[in-house]
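All remarks here apply to the structure that follows.
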Amino acid sequence: MQSENEAKEKNEDEQESPPCKLPRKTPLEELFAEEEAQNIVSQQSSMSIKKRVERELQIYQEVPPVLMSEDPAAWWWKQQKNYPLLSDLAFSYLCVQASSTPSERVFSTAGDTICPERSRILPEKADMVIFLNKNCF
């Protein structure tokens, strides 16, 4: 009986004692506390890139195919949160050049370089002239 009473008294004493105060942070620690917390969280929750890619691919393969009439860039834009790595890759391949003007300029320069007056120019020399014209002037 006394042991039960003693246990109750110890529990009451532990509950009544004030909690320990945390040591005060220096101004420098306060300045970098948020960044340190983010680093700790990212280190704990980070998987290797290979595992993340494999997981995204597995989830992506289970999704039903998209209709051909739907815009693939819009679909990937909507799925950015579900597939962050794959969506970045998709956007790098789905980007379309806004205009054909740069390629037309190269062909125009090639037409000026390889003309009837220069019909005997070697292909390597023509490549160098076109390259220099487009990159140096």
Of the residues that sit in segment 82-106 and are surrounded by fewer than 11 Cβ atoms within 10 Å (Cβ to Cβ) and either modelled with pLDDT of 80 or more or among the aromatic types (Phe, Trp, Tyr) (or both), which one is farthest from residue 60 (Cα to Cα)?
104
Quick one: how many residues across segment 50-69 are assigned to a loop (DSSP other than H, G, I, E, B) and open to solvent by less than 70 Å² (accessible area, probe 1.4 Å)?
2
Enumerate the pairs (first residue in segment 80-95 and without any contact (Cβ under 8 Å) to a residue 40 or more places away in the chain and of a type in the set (S, T, N, Q); second residue anywhere and open to solvent by less than 50 Å² (accessible area, probe 1.4 Å) and part of a helix (DSSP H, G or I)) with beta-carbon separation below 7 Å, excluding pairs fewer than 6 apart on the same chain, so at least 6 apart or on different chains.
80/87; 87/76
Filter segment 60-88 down to residues that are over 13 Å from the mean Cα position of the chain (by Cα) and hydroxyl-bearing (Ser, Thr, Tyr) and give me whichever is nearest to residue 50 (Cα to Cα).
60
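The values are calculated or read from the model by the stated rules, or taken from the named source; none is laboratory data. Being a predicted model, the structure only gives us computed values, none of them experimental. Positions of Cβ are generated from backbone atoms using ideal geometry, with glycine treated the same way; all protein chains shown enter the neighbour counts. The protein model used for the area step is the full one, side chains on, heavy atoms only, and it has no ligands, DNA or RNA in it. Shrake-Rupley method; radii C 1.70, N 1.55, O 1.52, S 1.80 Å.
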